Amino acid sequence: MLKLNSKNLTRISSEHLAAKQKLIDDLSMFEDKAKKAKNLWDGKNSAAFDEIKLLLKKMCVSVEICVYCENNEATDIEHIYPKKLYPKKTFIWRNYILVCGKCNSHHKKDKFKIFKPKNSVNVEDVTLPPKTYRKPANDDALFLNQRKDDPMEFLELDLLNRTFIFVEKFPEGTREYERAKYTIELLGLNTRGALKKARESAALFFISRLEKYVNAKKSEDFQELKDAVDDFGSIDETANFPTEKTRILKSIKKSILENQHPTVWKEMIRQRTYLPKTNILLNDAPETVDW
């Protein structure tokens with residue numbers, strides 16, 4: 001999981017959201033607010049949400065990939081703070097991210113835990129049964145908010161042992177540990193076998209592409225360039241060599257940055273000192289670290 005680079009809405013869309021949110025905030029009873037939030041959200045079709053979804057797609061990790069699992073197509077506008085529990089955040093731009101239907105409907109849903117009292121390490125599950133409404137004590141959430149938090153400060157992907165599971169970076173008993181643990185469990189990041197296998201495949205893909213990039217970078221003529229990229233696209237030998245070499249390097253870079261599971265790529269960079277081959281390749285192409 002990665003922190004997202006937020007984008008700004010246009011004035012028209014911002015005003016649209018504010019007007020919708022006011023209809024909720026003007027109600028006095030919490031249950032009425034929650035019901036109103038659901039009704040308004042269910043009938044939200046508008047030009048404003050066309051722009052909102054477009055911006056959320058641009059904010060996705062990789063190309064329109066779910067920001068939670070990094071494996072499936074991102075199709076659903078997700079409320080980080082569930083609207084049933086936090087109707088005051090229903091039409092708040094910074095409460096939106098784009099995820100896949102599986103993460104949204106089968107894993108996170110309206111489940112939520114908070115620290116109570118606020119800023120403590122005591123955890124309370126505020127998830128409610130259907131047709132039940134109760135205002136949470138606060139919004140001090142355990143779940144990592146990718147619009148605000150950098151998950152890599154809380155989680156680490158186990159590449160060294162090749163388990164490809166997420167582990168908590170902080171010791172038990174800390175708020176950071178509880179947040180990491182809950183996020184991993186809620187999204188099923190370590191229990192969905194397909195995700196672990198996909199992360200392993202992504203690691204193999206990244207190291208292969210990185211090796212091609214380094215070899216292409218070192219090439220001095222068309223034959224060396226062809227040998228470097230092997231089956232990665234075709235080489236135009238009628239073009240100027242430096243120009244064609246630059247094109248190939250950009251193409252390899254694009255394939256890395258647009259692949260699924262970008263967290264694996266970031267972790268390979270972060271854990272490079274424990275990954276000898278990766279470290280050698282990154283040293284040969286230091287610019288890749290900042291991609």
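Read the figures in this text as sums done on the coordinates, not as results from a lab. This one's a predicted model, so the numbers in the text were calculated from it and none came from an experiment. Every residue, glycine as well, gets a Cβ built from its backbone with ideal geometry; the counts of neighbours run over all protein chains shown.
Before moving on, here are some points about what is shown:
- Label point at Gln271 placed 7 Å out along Cα→Cβ; residues across the stretch 151-193 whose backbone nitrogen lies under 13 Å: 155-169
- Those residues of the stretch 215-253 whose amide nitrogen sits under 17 Å from the label point placed on Asn283, 7 Å along Cα→Cβ: 215, 218
- Neighbour-count ranking [beta-carbon atoms within 10 angstrom, fewest first] of Met268, Met59: Met59, Met268
- Cα gyration tensor, the stretch 193-290 - rounded (a/c under 1.5), prolate or oblate: prolate
- Cα shape, the stretch 28-129, gyration tensor, a/c 1.5 rule: oblate
- Degrees, to the nearest 10: 11-25 long Cα axis against longest axis of the chain: 30 degrees
- Centre separation in Å (Cα based) which lies between the stretch 1-60 and the stretch 244-291: 36 Å
- Dipole magnitude for the chain: computed about the Cα centre from +1 point charges on Lys and Arg Cβ and -1 point charges on Asp and Glu Cβ, it is near 1400 debye.
- Semi-axes of the equivalent ellipsoid for the stretch 1-41, Cα gyration tensor, largest first, Å: 25, 15, 8
- Within the set (i) 19; (ii) 34; (iii) 53, the number that percent of Cα pairs over 33 Å apart takes when calculated for this structure is listed as (ii).
- Between the residues Ala141, Val67, Thr10, the greatest Cα displacement towards the positive end of the dipole of the chain, with unit charges on the Cβ of Lys, Arg, Asp and Glu, is found for Ala141.
- In this label model, Leu2 and Lys197 are separated by 2.5 nm, measuring between points 7 Å along each Cα→Cβ vector.
- Most fluctuating residue given options Pro129, Pro151, Pro82, as computed from a GNM of the chain linking Cα atoms under 10 Å: Pro129
- Projected label points at Lys131 and Lys111, each 7 Å from Cα along the beta carbon direction, are separated by 2.4 nanometres.
- Acute angle (nearest 10 degrees) that the helix 241-257 long axis makes with the longest principal axis of the chain, alpha-carbon atoms: 30 degrees
- For the stretch 138-291, the dipole from Cβ point charges (+1 on Lys and Arg, -1 on Asp and Glu) about the Cα centre works out to 200 debye, to the nearest 20.
- Cα-based helix-to-principal-axis angle, 47-59 vs the chain, degrees rounded to 10: 40 degrees
- Furthest towards positive pole of dipole, Phe222, Phe115, Tyr182, structure part the chain, Cβ charges: Phe115
- Cα gyration tensor, the stretch 243-285 - rounded (a/c under 1.5), prolate or oblate: oblate
- Available extension along the chain between Glu31 and Asp150 is 39.5 nm, counting 0.36 nm per residue and deducting the alpha carbon span.
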